[in-house]
Amino acid sequence: MKHLKGIVVKSTGSWYHVKTHESAIIECRTVGKLKLDDKKLTNPIAVGDEVDFEMESDEGGNKGIIKHISPRRNYVVRQSPRKKHQLHLLASNIDQALLIVTMREPNLKLGFIDRFLIMTEPYSIPVIIVFNKFDLYSDDEISQYSILNELYTKIGHRVLHTSTLTLEGIDLLSKLLKDKTTMVAGQSGVGKSTLVNCIEPDLNLKTEEISDFSGKGQHTTTFAQMYDLSGGGSIIDTPGIKSLSFTHLEIMDVAHNFREFFKISEKCRFSNCTHRNEPGCAIIKAVNDGEINYLRYQSYLSLIAEVEDQNYWERHGDV
């Protein structure tokens with residue numbers, strides 16, 4: 001049977017929408033198990049995957065079966081929020097990631113940005129960090145934004161602020177998305193869908209207000225989906241993130257993916273230095289000297305403590 005080629009543009013868990021080179025959308029499923037580097041996955045196929053498929057003859061020719069996934073040039077994976085021993089693919093074959101955060105409604109938790117960057121660093125995927133709802137910020141929050149802008153710009157990320165009310169930053173963001181495949185992510189309630197609608201009004205993505213009861217955002221995107229941009233390029237909209245955990249990682253995985261740590265760590269006395277209290281640690285010296293930002297170092301310590309704690313219970317069992 002003839003194999004056809006296409007790109008996965010929507011994933012609902014059991015079915016995948018595949019866009020052919022002729023722009024036809026074919027609903028496909030998989031047969032058998034597909035693995036990612038022997039990792040346990042909740043979803044073996046990601047939006048952005050290039051796949052080979054064939055049509056199902058017994059379905060009248062309107063559905064297909066995915067037979068092969070082409071090698072990915074990159075992918076973004078997180079720990080499954082429901083199954084801590086499994087991983088969930090967010091997107092693949094992307095040019096950049098767009099992380100949308102806000103200082104308020106909901107308030108930004110320090111360290112969330114660093115946790116997100118842990119997912120993109122393994123493939124050195126460029127990240128644009130957007131502080132949305134800028135029109136709501138108090139003077140203190142604007143000062144905090146300036147500090148974080150300087151911090152992440154210094155380590156090589158693009159940072160900007162936006163407002164869908166005043167349209168500040170919208171034109172610049174649109175230019176940064178042009179002719180790129182961009183994964184869009186953010187915590188629930190940060191205004192992700194509203195911001196995307198502002199950039200591309202014809203998409204008309206569903207939006208929802210912050211919960212008055214909890215003060216937290218509510219999920220409006222329930223599955224990943226790719227959309228073409230009229231100015232060129234595409235975005236992969238992903239479900240809102242409530243929290244990020246990384247119990248599938250080891251301590252050195254975290255250390256190697258804090259980009260400003262990696263080069264300096266070559267000067268540490270010990271090759272397996274965890275940068276906490278070891279003698280001759282170049283990272284601790286860089287923090288004390290102001291070369292590495294203290295906020296980033298605190299995020300690192302929090303992450304490795306979480307990983308270490310989880311690894312302990314994995315070995316000894318929950319009590």
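Values for this structure:
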| item | result |
| --- | --- |
| Residues within the stretch 238-267 that are of a type in the set (A, V, I, L, M, F, W, C) and more than 22 Å from LYS40 (Cα to Cα), tallied | 5 |
| Meets criteria (in a loop (DSSP other than H, G, I, E, B), within 30 Å of GLN310 (Cα to Cα) and touching a His at 6+ places or on another chain (Cβ under 8 Å)) for PRO81 | yes |
| Subset tally (residues that are basic (Lys, Arg), open to solvent by 100 Å² or more (accessible area, probe 1.4 Å) and in a helix (DSSP H, G or I)) for the stretch 253-285 | 3 |
| Top-ranked residue in the stretch 174-202 [being charged (D, E, K, R) and in a helix (DSSP H, G or I); ranked as modelled with the lowest pLDDT] | ASP202 |
| Condition broken by ILE66, with the remaining ones in (1) of a type outside the set (Phe, Trp, Tyr); (2) open to solvent by 20 Å² or more (accessible area, probe 1.4 Å); (3) more than 26 Å from VAL190 (Cα to Cα) satisfied | (2) |
| The stretch 13-33 - residue that is over 11 Å from ILE45 (Cβ atoms) and part of a loop (DSSP other than H, G, I, E, B) and, of those, most open to solvent (accessible area, probe 1.4 Å) | LYS33 |
| Tabulated pairs, the stretch 111-129, first of a type in the set (S, T, N, Q), second open to solvent by less than 20 Å² (accessible area, probe 1.4 Å), C-beta under 6 angstrom, 6+ apart or interchain | THR120/ALA97; THR120/VAL127 |
| The listed residue being of a type in the set (Val, Ile, Thr) and touching a Gly at 6+ places or on another chain (Cβ under 7 Å), out of THR166, THR153, THR120, THR162 | THR162 |
| Total residues in the stretch 69-84, condition open to solvent by 50 Å² or more (accessible area, probe 1.4 Å) and in contact (Cβ under 8 Å) with a residue 60 or more places away in the chain | 2 |
| Any hit, the stretch 98-120, residues being open to solvent by 50 Å² or more (accessible area, probe 1.4 Å) and either in a helix (DSSP H, G or I) or among the aliphatic types (A, V, I, L, M) (or both) | yes |
| Test: residue in the stretch 165-173 that is crowded, with 16+ Cβ neighbours inside 10 Å and in a loop (DSSP other than H, G, I, E, B) | yes |
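The values are calculated or read from the model by the stated rules, or taken from the named source; none is laboratory data. Worth saying up front: this structure is predicted, and the values here are computed from it rather than measured. No Cβ is skipped: glycine too gets one built from the backbone with ideal geometry, and neighbour counts run over all protein chains shown. Surface areas here come from the heavy atoms of the whole protein model, side chains and all, with no ligands, DNA or RNA. Shrake-Rupley method; radii C 1.70, N 1.55, O 1.52, S 1.80 Å.
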